[in-house]
1. Keeping all protein chains in place, calculate the accessible area per residue for the chain (probe 1.4 angstrom), answer in Å².
2. By how many nm would the segment from residue 66 to residue 3 lengthen if fully extended, with 0.36 nm per residue of separation less the alpha-carbon distance?
3. Given the rule -39500 (n - 2.57) for each run of at least 4 DSSP H residues, summed and divided by the residues of the chain, what is its mean residue ellipticity at 222 nm, to the nearest 500 deg cm²/dmol?
4. Looking only at 47, 28, 56, which one moves most when the chain is put into a Gaussian network model with springs between Cα atoms under 10 Å?
5. I'd like the carbon and sulfur percentage of the solvent accessible area for the chain, probe radius 1.4 Å, heavy atoms only, ligands and nucleic acids excluded.
6. What is the projected area of the convex hull of the Cα atoms of region 31-72, averaged over all directions, in nm²?
7. Where the convex hull is taken over the Cα atoms of the chain, what is its projected area averaged over directions, in nm²?
8. Are there GluC sites (Glu not before Pro) in region 15-51 that DSSP puts in a loop and that have at most 14 other Cβ atoms within 10 Å, and which ones?
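The values are calculated or read from the model by the stated rules, or taken from the named source; none is laboratory data. Since the structure is predicted, the reported quantities are computational estimates derived from the model, not experimental observations. FYI the Cβ positions are ideal-geometry reconstructions off the backbone, even for glycines, and counts take in every protein chain you see. Side chains are part of the model used for accessible areas, which takes the heavy atoms of the whole protein and leaves out ligands, DNA and RNA. Shrake-Rupley method; radii C 1.70, N 1.55, O 1.52, S 1.80 Å.
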Amino acid sequence: ITKKCPNCKAAKEMLKDEEYELIDAEENLDLVNRYGIMQAPTLVITNGEHSDKYVNASNIQKYLTEKDVLVY
């Protein structure tokens, strides 16, 4: 997320019912570099060893839709 990103607002709304940590990319360059973040918004799902990235609001929405379909 960045302060000036127009799609970040949409992504935050999509994620409103999810438990996640919101990180400002401009203020956390170490994490940006560690996860290879190239654009905002980017959702990073990590278990400490492995991480998946969902770049842009449409891919974040797709992740959330697929996640809900797979939850039993």
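1. Result: 78 Å² per residue.
2. 19.9 nm
3. -12000 deg cm²/dmol
4. So, out of 47, 28, 56, the one fluctuating most is 47.
5. 50 percent
6. 3.3 nm²
7. 5.1 nm²
8. Listed in order of number, the matching sites are 18, 19, 21, 49.
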